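These notes concern the structure reproduced below.
Every number in this text was worked out from the coordinates using simple rules, so none of it is lab data. Computed from a prediction, not measured in an experiment: that's the story for all the values here. Ideal geometry is used to build each Cβ from the backbone, glycine not excepted, and the neighbour counts take in all protein chains shown.
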Amino acid sequence: MTLTVLVIVSFLVLLPMVFLVGESLNTGDPMAFPPTEYGIANYIAMFDEDLHVLTNTVIIAVMATVMAIFIGFTLAWILTRTNVPGREKLERLLELPYYMTPLVGALAWAVLAGPKSGFFNQLWLWAGGKGDLFNIYSMFGIAWIMALFEGTVAFVMISASMKSMDPALEESARVMGASKLRTALTVTLPLVMPGVLGATLFVFAEMLGSFAAALVIGIPARVYVITTAIWDSTLAYPPAYGRASAMGLALFVVMFGMLTFYRWIVKRGSFATITGKAFRPRPMDMGRLAWVLLGVCLLYILLAVVLPIAALIITSLERFATALLSQAQFTLANYETALSLGPVRTAMVNSLGLGFGVASVGVLVIALLVWIIYRSQLRGRGAIEYLAMFPQAVPRLVFGLALLWAWINMPIPIYGTLWLLALAYFTVMLPIGVRTLAGVVLQIDKSLEECARVCGAGWGYQLRTVTLPLLKPGVIAAWLLIFMACVRELGVSVFLMGPNAKVIAPSIVSAFASSGVELTAAMALVQTFTVIVALIILFRLTRGMTKDMT
């Protein structure tokens with residue numbers, strides 16, 4: 001059984017990468033497989049002709065990472081170490097940018113801070129200013145958008161470390177006369193440095209593979225990074241698959257190395273601050289400064305959630321986008337168009353159908369994989385876990401390119417169909433599902449399953465009557481997380497979407513490139529509304545299921 005599972009998972013995860021490696025070494029006809037000529041010319045060219053692309057990628061990733069970690073650390077310190085008002089509600093609000101797609105954020109900031117037509121620049125000119133106040137179409141603009149949406153990831157990772165820190169260490173510094181700021185910089189920061197460093201490595205790896213902001217903002221600004229250069233290479237005539245494959249593999253190697261280093265740091269468990277002595281987290285009394293810190297949190301929510309959504313709502317309701325409401329002509333025509341256009345409606349239906357189908361079938365398969373990994377005594381279960389988590393280290397765009405090349409050359413005619421998109425979605429969602437269900441499985445006492453076996457139940461009957469019912473909260477959570485991720489998926493979809501297999505995220509990008517921002521805003525909001533509804537259902541059902549299990 002283990003061998004069968006390993007073969008299937010390897011086919012889904014590793015085989016596309018084998019095709020990608022082969023194509024990266026192709027120096028002859030880009031459409032020939034197997035290649036007629038082999039060489040490393042594509043890799044040499046990457047460091048010669050595409051050196052500016054590599055430089056742009058590193059500069060933007062570094063800028064975005066620095067801003068994201070600064071945002072994440074600041075917010076984590078405020079909510080875990082101070083008595084800022086409404087901490088619990090703020091923590092939920094600060095997680096919202098994670099559930100908004102980076103594509104929607106990039107489109108929103110293009111509306112907010114685009115040169116001349118951007119809301120901020122229009123208001124600036126209306127107030128008597130000259131020139132553009134902001135220009136989001138720049139390297140800093142790309143980094144800014146990426147940082148806003150990865151800042152919440154850094155916040156979640158760093159706050160977890162801060163919540164586990166003994167407050168007595170900070171109190172000792174305060175007794176010795178250190179100010180609140182000095183305590184934060186000389187005591188809190190060094191103690192949570194492993195968490196900060198881990199978050200930095202993880203976020204930097206995510207920045208390297210970011211595609212949505214680089215596509216929406218970078219292409220008009222002629223600022224190319226590796227992901228957009230890969231996408232552009234596949235659209236060239238003839239397609240430069242070798243160049244794209246070489247850059248994709250280079251990006252994969254860097255991300256894989258950084259994520260491996262991140263896991264190594266996490267497993268080292270340095271700077272332990274939790275001892276056998278009990279403690280209760282006690283936030284510092286900030287006095288009137290607590291209201292200033294509350295303002296900092298609200299400012300982040302304003303920039304990452306409120307302003308982008310408000311800008312898209314206003315734009316989607318206008319005939320012609322303008323920040324001056326006195327000149328605006330409001331209409332619902334953009335929503336009518338978005339929902340009535342055959343390709344758009346088909347794309348939305350396909351996205352919802354794929355999300356439902358992949359989540360429904362995938363969560364059952366993933367539950368079986370998790371049971372094999374964490375509950376069975378089968379040999380090779382560690383290899384299954386490694387393969388299931390492998391897609392986490394592969395940028396979505398790179399994996400989409402690998403699947404493109406693999407299925408173009410396989411004798412199974414599913415390229416350009418929804419079947420291939422479903423297969424791709426399931427594969428890239430494996431780490432999400434395994435991570436979600438693993439936490440629930442590890443909380444279930446093995447004695448419950450052992451009792452079923454003592455009573456004579458086979459493993460299939462035990463799985464169906466004991467394990468799966470106990471996994472119900474995790475299964476629901478995994479289902480909705482996979483559903484949301486499928487509906488908003490862009491990186492894999494851009495290479496695998498065919499004429500009869502359109503999905504919503506690439507369709508939004510196409511509308512942005514060919515239609516007005518008004519229609520694009522309406523389409524983006526329809527997608528966002530779908531994700532938000534799924535999120536609300538997620539919280540309600542999992543909370544209800546958790547109560548039922550207690």
Please give the peptides 525-534, 310-319 ranked by average Cβ packing (other Cβ atoms within 10 Å per residue), highest first, as a rough proxy for protection.
310-319, 525-534
Gap separating the Cα centres of segment 103-131 and segment 482-529, nearest whole Å:
23 Å
Can you put GLU37, GLU518 in order of Cβ neighbours within 10 angstrom, beginning with the fewest?
GLU37, GLU518
Determine the distance separating the Cα centre of segment 337-365 from the Cα centre of segment 372-391; give it in Å without decimals.
30 Å
List the residues, sorted by chain then number, that are 5 or more residues from GLU318 or on another chain and whose placed amide H is less than 5 Å from its amide H.
THR331
Please list, in order along segment 24-36, the HN-Hα scalar couplings obtained from phi with the Karplus expression 6.51 cos²θ - 1.76 cosθ + 1.60 (θ = phi - 60°), rounded to whole Hz, x for Gly and Pro.
5, 9, 7, 10, x, 5, x, 9, 8, 9, x, x, 7
What's the ranking of 481-489, 285-293 by average number of surrounding C-beta atoms within 10 Å, highest first?
481-489, 285-293
